Amino acid sequence: MILNTEHIAKSFGRNKVLKNISFQLKAGSITGIVGENGSGKSVLMDIIVGARSADRGIINRNGKIGYCPQRALLFPHLTVQEHFIYFAIAYGIGRDQLKRRSEELLLHFNYRKYKQEKIINLSGGTQQKLNLSIALLHEPDLLILDEPYNGFDWDTYQMFWNYTNHLKKQGCAILIVTHLLSEKERLDRIYKLENGILI
Amino acid sequence: MILRMLIRQKIVIILLLIIPVFFLTIVEFTTSERMLPFQLASLDEDVFINISEKGISFIFFAVASSGFLVSFLALNLIQKNNAVNRRLIICGYHPIELMISILLALILVIVLIAIYIGLLTNAFYTIDHLSRFILGLVLIGFVYGSYGLLVGSLIKMELEGVLMIVLLVNIDVGWLQNPLFYAEAQNQIIIKFLPAYFPSQTAIITAVTDYSASTSILNSLLYGFVFLSFSMLIFFYKMRTK
């Protein structure tokens, strides 16, 4: 198993956001978690990636994690290329892998021309491409995507799914969290987060 | 990267260029050359300093602008990209590595601002011991930079953070530490406990006298390290992965 969660619970004051969440992700699978706005999807993602602690429960992660947050979390005054360098240091990947992967992602998502552009000058869609590319830079074993296609145009949306299928074939476990899932046939399993539990 | 991000912000460059020049120009046009003998709190009671109103005002306003600028930039360094820094940590960066990067950037900013304001002040009014005066500006930068880091690590919202800085800088450096006000102030003990007391004393002693400022320097460092330690502990606690 790439990810195993057991009996995860999280409350904010009296509001029990997550009550008893248990699920597993295996290599080479795409899993979706859907839920209404405010159902606790992002809180669950934060707990899985380690940005937030759970009140109760166990999480076992095996392998490298790639996390694409809902909002493009980028440095407004750095360029696209500088982001790749900065995050490559965080991931601990070497110069050769950085060069190969950044070029691959820039070409695949068709934004190579913005390589030297500062984030503050990019459109929301291009920022979202970089947001996703950072999660993919170190070739993760588990890819966690929180509302990944916000701001994508149709072509980018297709590119996103092509790339996701390519990763699946390579054995990557993918978790997509969204409030709106239009292409259910692309996913191996779908959970619904409702009243703090997965259905 | 942290320093690069800082200097690419237009507001940072504008503030750096405008604030010290504006403060010192105001002093130039509003103060007189009359001599004002006064006692300095951290020197012996029988020591009187003879300096013109213009001279002491230049020194005092140089200290104030240095404190304000460094404090604001420190807040900017720690608070501005909080969510992205957190993402970096999730991706594998250690919070201590990030803290060290921020601190190194801040130290460089403190030294550069102190040199810039020191030289600028000297252009308006000849400082007797310029290099020692710049040391005083480095100390106010260190104390108020550490205060800026503390505010930034405690307060999430930018506006509230800026308000906290402006409030303390205004009351402390901008008003109570003015030696002319201090000499006549009631309850001087309160003023002595404020963060700018020791760095202000250092800056004035080093700029216009030959007396040793070692006690003020040590106390300034101590004050700065207390702020710094608290800010780093809070930053580490908030940024660590769970």
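Each of B:L176, B:L135, B:N82 was scored by the projection of its Cα onto the charge dipole of region B:53-210, and the greatest displacement toward the positive side belongs to B:N82; charges sit on the C-beta of Lys, Arg, Asp and Glu. Under 23 Å of direct C-alpha separation, and excluding same-chain neighbours fewer than eight residues apart, A:K19 reaches these lysines: A:K10, A:K41, A:K192, B:K242.
Of all aspartates and glutamates in the structure, those lying under 17 Å Cα to Cα from B:K192, and not within fewer than 8 positions of it along the same chain, are B:D44, B:E45, B:D172, B:E184.
With +1 on each Lys and Arg Cβ and -1 on each Asp and Glu Cβ, and nothing else charged, work out how big the dipole of the protein assembly as shown is about its Cα centre, in Debye to the nearest 20. Working shown, then result.
Working: 40 positive and 32 negative charges, 423 e Å.
Roughly 2020 debye, rounded to the nearest 20.
Where a ≥ b ≥ c are the square roots of the eigenvalues of the C-alpha gyration tensor, would you call region A:1-83 rounded, which needs a/c under 1.5, or, failing that, prolate if a/b is larger than b/c, or oblate? Judged from the Cα gyration tensor, region A:1-83 comes out oblate (a/c at least 1.5, b/c at or above a/b). Take the Cα of B:D46, step 7 Å toward its Cβ, do the same at B:L163, and the gap between the two points is 5.1 nm.
If the chain linking B:S229 and B:I18 were pulled fully straight, counting 0.36 nm for each residue of separation and taking away their Cα-Cα distance, it would gain 72.8 nm. Among B:Y147, B:Y93, B:Y223, the largest mean-square fluctuation in a Gaussian network model of chain B (Cα springs under 10 Å) belongs to B:Y93. For A:I197, the residues whose modelled amide H falls within less than 5 Å of its own, excluding neighbours fewer than 5 places apart on the same chain, are A:K19. For region B:8-133, relative contact order (Cα pairs under 8 Å, six or more residues apart, normalised by length) works out to 27 percent.
Give the shape of region B:49-120 as rounded, prolate or oblate, defined through the alpha-carbon gyration tensor: a ≥ b ≥ c are the square roots of its eigenvalues, a/c under 1.5 means rounded, and otherwise the shape is prolate if a/b is larger than b/c and oblate if not.
Numbers: a/c = 4.86, a/b = 3.38, b/c = 1.44.
Judged from the Cα gyration tensor, region B:49-120 comes out prolate (a/c at least 1.5, a/b above b/c).
Relative contact order of chain B, taken over Cα pairs closer than 8 Å and 6 or more residues apart, is 25 percent. Overall, chain A carries a charge dipole of about 300 debye about its Cα centre when +1 sits on the Cβ of Lys and Arg and -1 on the Cβ of Asp and Glu, all other atoms neutral. Beta bridges assigned by DSSP with both partners in the protein assembly as shown are antiparallel in approximately 55 percent of cases. With an a/c value of 1.5 or above and a/b not larger than b/c for the gyration tensor axes a ≥ b ≥ c computed over the alpha-carbon atoms, region B:109-204 is described as oblate. When the P(r) is computed for region B:37-80, the part past 11 Å accounts for 71% of the Cα-Cα pairs. For chain A, relative contact order (Cα pairs under 8 Å, six or more residues apart, normalised by length) works out to 36 percent.
About its Cα centre, region B:1-159 has a charge dipole of approximately 1000 debye under the convention of +1 per Lys or Arg Cβ and -1 per Asp or Glu Cβ, with nothing else charged.
Normalise the Cα radius of gyration of chain A by 2.2 N^0.38 Å (N = residues in it) and let me know the number. Walk me through the numbers before you get to the answer.
Working: Rg = 16.8 Å, N = 199, 2.2 N^0.38 = 16.4 Å.
Taking the Cα Rg and dividing by 2.2 N^0.38 Å, one obtains 1.02.
Screening chain B for whole DSSP H helices with an alpha carbon extent of at least 18 angstrom along the helix axis and a mean Kyte-Doolittle hydropathy of at least -0.5 yields B:10-30, B:53-79, B:95-124, B:130-154, B:214-239. Ellipsoid semi-axes for the protein assembly as shown, based on the Cα gyration tensor and the rule √(5λ), read 54, 23, 16 Å when sorted largest first.
What separates the Cα centres of region A:112-157 and region B:113-173 is a distance of 39 Å. Spin-label pair B:M35-B:M1: with each label point 7 Å from Cα along the Cα-Cβ axis, the two points sit 5.9 nm from one another. Could you name the aspartates and glutamates whose alpha carbon sits less than 14 Å from that of A:K169, not counting residues in the same chain fewer than 8 places away? Answer for A:K169, where 14 Å is the Cα cut-off: A:E139, A:D141, A:D188, listed by chain and number. Based on DSSP H assignment, which helices of chain A show an axial Cα extent of at least 15 Å together with a mean Kyte-Doolittle hydropathy greater than or equal to 0.5? Once both thresholds are applied, what remains is A:80-91. For region B:4-34 versus region A:28-76, the spacing of their alpha-carbon centroids is 45 Å. Only one residue of A:G94, A:Q81, A:S133 has its Cα farthest out toward the positive end of the dipole of region A:76-139, where Lys and Arg carry +1 and Asp and Glu -1 on Cβ, and that residue is A:Q81. Chain B has equivalent-ellipsoid semi-axes of 33, 18, 15 Å, by the square roots of 5 times the alpha carbon gyration tensor eigenvalues, sorted largest first.
Since every read-out is calculated from the coordinates, none of them should be taken as a lab result. On a predicted model such as this, the values are computed, not experimentally measured, just so you know. Please note: Cβ atoms are built from the backbone with ideal geometry, for glycine as well, and neighbour counts cover all protein chains shown.
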